[in-house]
């Protein structure tokens, strides 16, 4: 009996010694623009399947809010992805980390583009009348409810305002912006000509008047559920998001959709300015330009090597496949700003950014 018990104990010890220990995962925190949620969900599954030692922790916000989490709230972050690549040099190059006085970022890669469109359902009010020639009249009707991302936090929000201003020139109708936006907010969003540009001014508080027909949410993806439920008739969304969610898409014409290089000079005639200090050290001006998504690894990222490896994956063939399958248009090859600071893992995947 004693021999049996000793053998049993030795056997249990051997089994315990042979049992593999759980892999200790490295957390990589990734903050992304909300419009990238669906492709990044697919990226997360694919990447973690190939890299079981990595735990991607992906969190979505409006693009401006993404950067505020890093530069204002000072949350440790490994990868930043914004729907407006210009936000990275504007708000991260120009802002320094308190402990080191180094900028929050010194490079970024522009890797994707998009177009702004109108999302709607087949039973949205006046959907049977809607077309590329009258959309701005339909959504301005008093019984129509239109969703708009908050321009203080989300790039699609300030881009939607640009679209309405650009439409005035494209259609030869000088009151499109005024009819849709002005007098519908408790504190007015205004537009005025300043030199050769039209400047849209955003107040500190953005709150639509009751029964104005405008519904504002902090990010464009927060409008999806309202559109699905019928609480909205239309919403300004990126074309990729509209297709991912199976909504009807009204493709806006090239002179206004912010997606065509041939119209870059027209887009550049409008900008959006904040009439208050949203950031502690920078007062940004958002320029009208062709939509470009940007990615960077903050200078103070807790896991810079793992972060760069993940960015290489999303810029590489598998990442490109996933984006394409999810209707996300890409910039090929990706274009890098600050190439001298680019991590080694990314250098062969990018070309220098062209103006």
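Show me the strands (runs of 3 or more DSSP E) entirely contained within region 96-175 in which 3 or more residues are more than 30 Å from residue 345 (Cβ to Cβ) and touching a strand residue (DSSP E or B) at 6+ places or on another chain (Cβ under 9 Å).
116-120, 146-149
Residue-wise test of (1) without any contact (Cβ under 8 Å) to a residue 40 or more places away in the chain; (2) under 22 Å from residue 239 (Cα atoms).
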{"residue": "29", "(1), (2)": "no, no"}
{"residue": "37", "(1), (2)": "no, yes"}
{"residue": "42", "(1), (2)": "no, yes"}
{"residue": "48", "(1), (2)": "yes, no"}
{"residue": "59", "(1), (2)": "yes, yes"}
{"residue": "74", "(1), (2)": "yes, no"}
{"residue": "87", "(1), (2)": "no, yes"}
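Kindly indicate which of 103, 122 is surrounded by fewer than 23 Cβ atoms within 10 Å (Cβ to Cβ) and in the same structural domain as residue 343 (by TED's automatic domain parsing).
103 is the lone residue from the list that is surrounded by fewer than 23 Cβ atoms within 10 Å (Cβ to Cβ) and in the same structural domain as residue 343 (by TED's automatic domain parsing).
Among the residues of region 294-308, is there at least one that is surrounded by 18 or more Cβ atoms within 10 Å (Cβ to Cβ), free of Cβ contacts under 8 Å to residues at least 60 places away in the same chain and over 22 Å from residue 116 (Cβ atoms)?
For region 294-308, residues surrounded by 18 or more Cβ atoms within 10 Å (Cβ to Cβ), free of Cβ contacts under 8 Å to residues at least 60 places away in the same chain and over 22 Å from residue 116 (Cβ atoms): present.
Regarding residue 73, is this residue surrounded by 19 or more Cβ atoms within 10 Å (Cβ to Cβ) and modelled with pLDDT under 95?
Taking the combined requirement at face value, the residue does not satisfy it.
Kindly check whether there is at least one residue in region 59-67 that is more than 12 Å from the chain's Cα centre (by Cα), surrounded by fewer than 22 Cβ atoms within 10 Å (Cβ to Cβ) and on the phi < 0 side of the Ramachandran plot.
The answer is no; no qualifying residue exists.
Can you confirm whether region 279-291 contains a residue that is assigned by TED's automatic domain parsing to the domain that holds residue 227, surrounded by fewer than 17 Cβ atoms within 10 Å (Cβ to Cβ) and more than 23 Å from residue 170 (Cβ to Cβ)?
Checked region 279-291: no residue is assigned by TED's automatic domain parsing to the domain that holds residue 227, surrounded by fewer than 17 Cβ atoms within 10 Å (Cβ to Cβ) and more than 23 Å from residue 170 (Cβ to Cβ).
Among the residues of region 185-195, count how many are over 23 Å from residue 238 (Cα atoms), in contact with a strand residue (DSSP E or B) (Cβ under 8 Å, 6 or more places away or on another chain) and assigned to a loop (DSSP other than H, G, I, E, B).
Qualifying residue count, region 185-195: 1.
Condition check ((1) assigned by TED's automatic domain parsing to the domain that holds residue 267; (2) over 24 Å from residue 294 (Cβ atoms); (3) crowded, with 20+ Cβ neighbours inside 10 Å; (4) in contact (Cβ under 8 Å) with a residue 40 or more places away in the chain) across all residues:
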position: 161; (1), (2), (3), (4): yes, no, yes, yes
position: 173; (1), (2), (3), (4): yes, yes, no, no
position: 176; (1), (2), (3), (4): yes, yes, yes, yes
position: 180; (1), (2), (3), (4): yes, yes, yes, yes
position: 188; (1), (2), (3), (4): yes, yes, no, no
position: 193; (1), (2), (3), (4): yes, yes, no, no
position: 197; (1), (2), (3), (4): yes, no, no, yes
position: 223; (1), (2), (3), (4): yes, no, yes, yes
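Assigned by TED's automatic domain parsing to the domain that holds residue 129, within 19 Å of residue 126 (Cβ to Cβ) and modelled with pLDDT of 95 or more, is that true of residue 229?
yes
Here are some residues: 258, 342. Which one is buried (at least 17 other Cβ atoms within 10 Å of the Cβ) and more than 18 Å from residue 156 (Cα to Cα)?
342
Only one of 216, 221, 206 is part of a helix (DSSP H, G or I) and under 19 Å from residue 163 (Cβ atoms); which?
None of the others qualify; the one that does is 221.
Provide a single number: the residues in region 122-137 that are out of contact with any helix residue (DSSP H, G or I) (no Cβ under 6 Å at 6 or more places or on another chain), touching a residue at least 24 places away in the same chain (Cβ under 8 Å) and within 19 Å of residue 178 (Cβ to Cβ).
Final tally of qualifying residues: 1.
The values are calculated or read from the model by the stated rules, or taken from the named source; none is laboratory data. Keep in mind it's a predicted model, so treat the numbers as computed, not measured. Cβ sites come from the backbone with ideal geometry, for glycine too, and all protein chains shown count toward neighbours.
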